[in-house]
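The values are calculated or read from the model by the stated rules, or taken from the named source; none is laboratory data. What you see is a predicted model, and the numbers here were worked out from it, not measured in a lab. Note that each Cβ is placed from the backbone with ideal geometry, even for glycine, and that neighbours are counted across all protein chains shown. Side chains included, ligands, DNA and RNA excluded: accessible areas come from the protein's heavy atoms. Shrake-Rupley method; radii C 1.70, N 1.55, O 1.52, S 1.80 Å.
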Amino acid sequence: MKAMQRSFEALERQIGDPSKRDENLKLINDAQRGCVQAKGAGIPRDILEKNLLLDAAAKARMGDDYRVHLVATLRKLIDLEEAVAAGKTDEAKAAMTALGKLRDEGHNAMGMHE
């Protein structure tokens, strides 16, 4: 998650700069790797500890929602990669906006704070 956030913050600052194409592609790859790792690792322990009162079924739904959200994030990261690789700055900016919304929605749903 931290790798995704670091990459995302850097991308927010420079996604509109075509001269940063190669650096942006590296950052996107780092974010994709972080997303896959987070998806595979499951819900972070601190989030589970905040939800100790949930029953097993609710925790399972939370885990399913977490995975679905990260899959959607990974798909959007691939869209971003394709836009950056093709030099489509407007599409890249739109993908970054969508990723920001996905991040905020996911963090809010999980009770995570930056």
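Table for the structure above
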item: Greater than 25 Å apart at Cα, pairs in Lys2/Lys39; Lys2/Lys93; Lys39/Lys88; result: Lys39/Lys88
item: Å² per residue, accessible surface of the chain at 1.4 Å; result: 62 Å²
item: Intensity falloff of the range 1-76 expressed as log10 I(q)/I(0), Debye formula with alpha-carbon point scatterers, at q = 0.22, 0.24, 0.27 Å⁻¹; result: -0.95, -1.05, -1.20
item: Accessible surface of the range 29-114 [probe 1.4 Å, protein heavy atoms]: carbon and sulfur percent; result: 53 percent
item: Cut-off 11 Å, label 7 Å out along Cα→Cβ of Glu12, residues of the range 68-105 by amide N; result: 97, 100-101, 103-104
item: Calculated SAXS-style log₁₀ I(q)/I(0) at q = 0.21 Å⁻¹ - the range 49-95, Debye, Cα scatterers; result: -0.69
item: Which of Thr73, Thr97, Thr89 is most accessible, then next, and so on - probe 1.4 Å; result: Thr97, Thr89, Thr73
item: Spacing of the two label points (7 Å from each Cα toward its C-beta) at Glu82 and Asp22, in nm; result: 2.5 nm
item: Counting all C-alpha pairs of the range 31-114, share separated by more than 18 Å (%); result: 47 percent
item: Calculated FRET value between Thr97 and Val36, using beta carbons and R₀ = 22 Å, to 0.05; result: 0.45
item: Given charges at beta-carbon only (K, R positive; D, E negative), |dipole| of the range 46-102 in Debye; result: 80 debye
item: Karplus-derived HN-Hα couplings along the range 75-87 (A = 6.51, B = -1.76, C = 1.60, θ = phi - 60°), whole Hz, x at Gly and Pro; result: 4, 5, 5, 5, 4, 4, 4, 4, 5, 5, 4, 8, x
item: Residue-wise HN-Hα coupling along the range 31-39, computed from phi with Karplus coefficients 6.51, -1.76, 1.60 (Hz; x: Gly, Pro); result: 5, 4, 4, x, 5, 5, 5, 5, 4
